[in-house]
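The values are calculated or read from the model by the stated rules, or taken from the named source; none is laboratory data. Because the structure is a prediction, the values reported are computed rather than measured. Cβ: placed from backbone, ideal geometry, glycine included. Neighbour counts: every protein chain shown.
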Amino acid sequence: MIRRDHHVKEMGIRAIARKHRIHRRLVRQALKSAVPPARKTPVRRSPVFTPDHKAFVDGILIAPIPQVDRSQRSNFLTSR
């Protein structure tokens, strides 16, 4: 579409970008090469979840919820 608009319809880069609602840089890349550039995979740190963290989370999940008066139950649960 982009190449046809540029070569056949003789549209400018800015007009093509406006028509397809993409950045002008992307139009230039499409005109330069028919194959899109390879995507870069982001470098991410591995999550830190030590046995101490796991014990803490398990303790919260296993701990019983104390019985609270019915009128105070929603306040108690949202404040945790």
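Restricting 28, 18, 73, 4 to those that are among the basic types (Lys, Arg) and at pLDDT below 90 reduces the list to 73.
Counting the residues of region 32-70 that are modelled with pLDDT of 85 or more and either among the aromatic types (Phe, Trp, Tyr) or in contact with a Gly (Cβ under 8 Å, 6 or more places away or on another chain) (or both) gives 1.
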